[in-house]
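Worksheet: one structure, shown below.
The values are calculated or read from the model by the stated rules, or taken from the named source; none is laboratory data. What you are looking at is a predicted structure, and each value in this text was computed from that prediction instead of being measured. Cβ coordinates were reconstructed from backbone atoms using ideal geometry, including for glycine residues, and neighbour counts include every protein chain displayed. Keep in mind that these areas ignore ligands, DNA and RNA; they rest on the heavy atoms of the full protein, side chains included. Shrake-Rupley method; radii C 1.70, N 1.55, O 1.52, S 1.80 Å.
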Amino acid sequence: MSFENFTFYLFSAILVGAALSVIFSRNPVHAALSLVLAFFTSAAIWIILEAEFLAISLILVYVGAVMVLFLFVVMMLDINLNLSLIHISEPTR
């Protein structure tokens, strides 16, 4: 197995793990950070495939703009997950 194949499979495994972490994470900040990791690993795969423009544009557009905006909104909303779970689990009278 060549070094290029090894790095491709390594970044692919990290990408799948980060994507599953985005789906199954209960904390929205952790999900957003996992999505940033998924974007960076997909950009690394684009670089391995010699598509540097797509990798740089993915990082600049998605990580640089969309994820910063998403994290800003999540931080401004100040979602308290523990209180929302308490209200959901309490029976109504």
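Worth a mention:
- Taking the range 9-24 as the range and being of a type in the set (S, T, N, Q) and out of contact with any Ser or Thr (no Cβ under 6 Å at 6 or more places or on another chain) as the test, only SER12 passes.
- Complete set of residues in the range 37-57 that are charged (D, E, K, R) and outside any helix (DSSP H, G or I): GLU50
- Close Cβ contacts (under 9 Å, 6 or more residues apart or on different chains) running from residues in the range 59-73 that are part of a helix (DSSP H, G or I) to residues that are open to solvent by 80 Å² or more (accessible area, probe 1.4 Å) comprise ILE59/PHE40; VAL63/PHE40; MET67/LEU33; LEU71/LEU33.
- Within the range 1-36, tally of residues that are under 13 Å from the mean Cα position of the chain (by Cα), small (Gly, Ala, Ser) and not in a helix (DSSP H, G or I): 1
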